[in-house]
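Student: Here's a structure for you.
We did not get these values from a lab; they are worked out from the coordinates using the rules stated. Given the structure is predicted, the values throughout are model-derived calculations rather than measurements. Please note: Cβ atoms are built from the backbone with ideal geometry, for glycine as well, and neighbour counts cover all protein chains shown.
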Amino acid sequence: MIDGVIALYIFMLAVFTGYEVISRVPVILHTPLMSGSNFIHGIVLVGAMVALATADSTLVRVIGFIGVVLAAGNAVGGYVVTERMLKMFISAGKKKGP
Amino acid sequence: MLDASTLQTLTQLSYLVAAALFILGLKRMSSPVTAVSGVRWAGVGMLLATAVTLTFVAGASVLNLGLVLLAIAIGSVIAWVSGKRVAMTDMPQMIALYNGMGGGAAAAIAAVELYSGNEQNLVRLTMATVGGFVGAVSFSGSLVAFAKLQGLITRSARFAGQKALNSLLLLLTLALGFMAVTGAGLGSGELVISLFFGFALLLGVAMTLPIGGADMPVVISLYNALTGLAVAFEGFVLDNAAMIVAGTVVGAAGTLLTQLMAKAMNRSLGNVLFSNFGETNIASGGGVTGSQKAIEASDAGVMMAYSQKIIIVPGYGLAVAQAQHKVWELSQLLIEHGVKVRFAIHPVAGRMPGHMNVLLAEAGVPYELIADLDEINAEFETADVALIIGANDVVNPDARSNKSSPIYGMPILNADKAKNVIVIKRGQGQGFSGIDNALFVLDQTRMLYGDAQAAVSQLIQAVKAAG
């Protein structure tokens, strides 16, 4: 469905997008941002789900199962820690120093 | 019920929306004001993509559907609980861990494709294998990084010929990958595929083991980018545009972030990965002469209470001791005394970029008191006291002046220009990088030995007594 050249175009545009989005981020957000991008590649979950759904042997099922567990951990864990970190920035921004 | 092609179109459209939400979310994370909404937007995208995929999976066999739901439940619960419980100071290793899980998942997808032997297209097989290789290296490498930061591995394994061994491992893995691609279609390659993944995992371990703790921020960032790439490759294999876009964006963004960090240390990425810089003891940098002079907390407290301006330089020692709240308490006390207090953050202080900013934000330190390297460096000359809390290499003047020092050329905070320097440090030894610090033996420097939290508590008492 996604042909070779089209795939390359998607790849190229996504590279530019990634560079552009990050290049304007202040240093203080680097850690939450790394954490946030870590969460976003948790989308690997949908791929792992499809891989496990189409599994047709025990070996492949076991590998697929591990894949989905790991991917769900990436997505959920990535979200939880990113949100926790970013919330702190908000509260710190609201509190005023004496 | 919708027919198959309508469902297919709806699925693809949902992935498109999810990808857009990811990019918009990342964009919003680039400002502190919109950052929380940014991660929530991305979260909505993730939920949408997962829910839509579930409708696809629902068409699979009952056994597979049950396995998918069970696996999601297990992974989510473990990650939810650990993510909620982890202390802010331990964030770097948690990010490394979750990142490794993503890499492992990408490798698992590749393994499923290769072992099942259903895929015959050579281009797709190559994509799957490359993604599997990158994902497996990122998986085992991130786990080693996690273990090192968590303190499970304290020694860095080093031996002669390490680089040769790593190169050999790399060549072996690539050769096996080539065999897996060309032989997989024949259905006879299970052993080859297993060996391929085994060696890729081994390579990740071997690459990461010799890298010292001080270089971990760069390494975690690099593996983050690599996992993104692995996800993109598997996205090509699975015809999944959301995975391609999200993975590539993370790959590109992560690469840029990695370069920024390496640049902040004035080193190339290759240098970080292959020079074993992090914990070398051989290069003590031309010898630092002089002795460290100790100070009591009570004297240091008086000195600080009667200062005009104090610049605080936090480092990894602050994170280890969880001293951020105490430090802010001390700062507030000093501000009440009329002292001008500022925090100076080096780009690579701690174990991740922005690590110190997160900790200070947690303690409630307002933004306007926090300055980065370029802003603050000129101000050290006018500071009465530079208070160094658990930082070492980022204030080592050898980086400016001593050409034989391994960190020569790295931009540093000019704490040595302050009239007085107080260094809170656990002991007389070298810091994480194993390099002697010329700052510690300067005439105006006094050492306050002890755990950062305990030492700062003593300073609070001393300032109160002085005041």
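Student: Over all directions, average the projected area of the Cα convex hull of chain B and note it in nm².
Tutor: Hull-based average projected area comes out at 24.1 nm².
Student: How much length is gained on full extension from B:THR55 to B:LEU69, taking 0.36 nm per residue of separation minus their Cα-Cα distance?
Tutor: Gain in length upon complete extension: 3.8 nm.
Student: Using a Förster distance of 45 angstrom, determine the FRET efficiency expected from the C-beta separation of B:LEU47 and B:ALA175, and round it to 0.05.
Tutor: 0.60
Student: Let me ask you something else. Please list B:385-396, A:70-81, B:67-78 highest first by mean number of surrounding beta-carbon atoms within 10 Å per residue.
Tutor: Result, highest mean first: A:70-81, B:385-396, B:67-78.
Student: Now, a different point. Over all residues in B:60-67, what is the mean tally of Cβ atoms on other chains that come within 10 Å of each residue's Cβ?
Tutor: The per-residue average across the peptide is 4.
Student: Quick one: Cα centre-to-centre distance for region A:67-90 and region B:1-33, in angstrom?
Tutor: 19
Student: Okay, next question. Within region B:123-156, list the residues whose amide N lies under 12 Å from a label point set 7 Å along Cα→Cβ of B:LYS163.
Tutor: No residues fall inside that zone.
Student: Same structure again: Using a simple spin-label model with points 7 Å from Cα along the Cα→Cβ vector, what separation in nm is obtained for A:LEU8 and B:ARG85?
Tutor: Roughly 5.0 nm, to one decimal.
Student: Now, a different point. Any of B:LYS293/B:LYS425; B:LYS263/B:LYS425; B:LYS419/B:LYS464; A:LYS87/B:LYS148; B:LYS148/B:LYS326 with alpha carbons more than 20 Å apart? Name them for me.
Tutor: Numbers: B:LYS293/B:LYS425 12 Å; B:LYS263/B:LYS425 27 Å; B:LYS419/B:LYS464 23 Å; A:LYS87/B:LYS148 27 Å; B:LYS148/B:LYS326 27 Å.
Correct reply: B:LYS263/B:LYS425; B:LYS419/B:LYS464; A:LYS87/B:LYS148; B:LYS148/B:LYS326.
Student: Using only Cα atoms, tell me the angle between helix B:4-28 and the longest principal axis of chain B; keep it within 0 to 90° and round to the nearest 10.
Tutor: The angle comes out at about 10 degrees.
Student: Once the cut-off is 14 Å, how many percent of the Cα-Cα pairs in region B:110-189 end up in the long-distance tail?
Tutor: On the way: 2188 of 3160 pairs.
The answer is 69 percent, as a whole percent.
Student: Can you tell me the alpha carbon radius of gyration of region B:1-135 divided by the globular rule-of-thumb value 2.2 N^0.38 Å?
Tutor: 1.24
Student: Moving on to the next point. Dipole of chain B (Lys/Arg Cβ +1, Asp/Glu Cβ -1, origin at the Cα centre): which of B:VAL313, B:VAL237, B:LEU97 lies farthest to the positive side?
Tutor: About the Cα centre, the residue reaching furthest to the positive side is B:VAL313.
Student: Quick check: residue separation of B:ALA465 and B:ASP299 times 0.36 nm, minus the Cα distance between them. What number comes out in nm? Walk me through the numbers on the way to the answer.
Tutor: Working: separation 166, 0.36 × 166 = 59.76 nm, distance 1.08 nm.
Taking B:ALA465 through B:ASP299 to full extension adds about 58.7 nm, to one decimal.
Student: May I ask for the Rg/Rh ratio of the protein assembly as shown, computed from Cα atoms with Rh as the Kirkwood radius, given to two decimals?
Tutor: Expressed as Rg/Rh, it is 1.02.
Student: Over all residues in B:89-98, what is the mean tally of Cβ atoms on other chains that come within 10 Å of each residue's Cβ?
Tutor: For peptide B:89-98, the averaged partner shielding equals 5.
Student: For region B:291-364, take every pair of Cα atoms, bin their distances at 10 Å starting from 0, and report each bin as a whole percent.
Tutor: The calculated distribution, bin by bin, is 18, 45, 32, 4.
Student: Quick check: pseudo-label points 7 Å beyond the Cα along Cα→Cβ at A:ARG61 and B:GLN332, how many nm apart are they?
Tutor: With each label placed 7 Å out from Cα toward Cβ, I get 5.8 nm.
Student: Can I ask one more? Per-residue mean of other chain beta-carbon atoms within 10 angstrom of the beta-carbon, peptide B:236-242? List each step's numbers first, then the result.
Tutor: On the way: counts 6, 2, 7, 4, 7, 6, 3.
Mean inter-chain Cβ contacts per residue within 10 Å come to 5.
Student: Report the full-extension gain for the segment B:GLU368 to B:SER5: residue separation times 0.36 nm, less the Cα-Cα distance, to one decimal in nm. Numbers along the way, then the final one.
Tutor: Numbers: separation 363, 0.36 × 363 = 130.68 nm, distance 5.56 nm.
Length gained, B:GLU368 through B:SER5: 125.1 nm.
Student: What's the magnitude of the charge dipole for the protein assembly as shown around its Cα centre, counting Lys and Arg as +1 and Asp and Glu as -1 at the beta-carbon? Answer in Debye, nearest 20.
Tutor: Its charge dipole is roughly 840 debye.
Student: Turning to a different aspect of this structure: How large is the charge dipole for chain B, taken about the Cα centre, if only the Cβ atoms of Lys, Arg (+1) and Asp, Glu (-1) carry charge, to the nearest 20 debye?
Tutor: The dipole magnitude comes to about 360 debye.
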